Amino acid sequence: KFGRLSHPLNQPKGSDFSGIPTNKTIDKKLLTGALIFGVGWGMTGICPGPGLYAATAGVWDAILGWLPSFLVGSYMGKHLVTNMWEKKANPSKKL
């Protein structure tokens with residue numbers, strides 16, 4: 001039985017960490033993130049996983065089209081989290 005597990009792994013061996021999400025709340029943050037992700041994917045036409053691979057493999061379409069979009073979207077996402085949602089959650093906290 002090469003390549004098969006005798007039972008499914010719910011977490012890495014020897015770890016208490018589980019990558020299975022437990023939060024089932026659909027809120028504004030989730031919907032906004034999904035919208036940004038979907039628009040970015042639609043605009044570039046490249047899935048993020050293969051896009052990263054293609055950019056590192058030297059595919060010019062990915063380097064010139066996908067990579068800048070990915071970097072700008074990542075920056076915008078971080079900016080939204082730190083400047084909008086965290087300030088609303090902690091109005092007295094300066095970021």
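Numbers at a glance
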| quantity | calculated |
| --- | --- |
| Per-region count, the range 34-70, residues in a helix (DSSP H, G or I) and either of a type in the set (Asp, Glu) or loosely packed, with under 14 Cβ neighbours inside 10 Å (or both) | 15 |
| Residue check, Lys78 among the basic types (Lys, Arg), free of Cβ contacts under 8 Å to residues at least 60 places away in the same chain, surrounded by 11 or more Cβ atoms within 10 Å (Cβ to Cβ) and part of a helix (DSSP H, G or I) | no |
| Selection count, the range 6-33, where residues are more than 16 Å from the chain's Cα centre (by Cα), at pLDDT 75 or above and open to solvent by less than 100 Å² (accessible area, probe 1.4 Å) | 2 |
| Residues (of a type in the set (Phe, Trp, Tyr) and at pLDDT 85 or above) located in the range 71-95 | Tyr75 |
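The values are calculated or read from the model by the stated rules, or taken from the named source; none is laboratory data. For clarity, every value in this text was computed on a predicted model and none was experimentally measured. Reconstructed Cβ throughout: ideal geometry from the backbone, glycine too, with neighbour counts over all protein chains shown. Please note that ligands, DNA and RNA were not included when accessible areas were found on the heavy atoms of the full protein model with its side chains. Shrake-Rupley method; radii C 1.70, N 1.55, O 1.52, S 1.80 Å.
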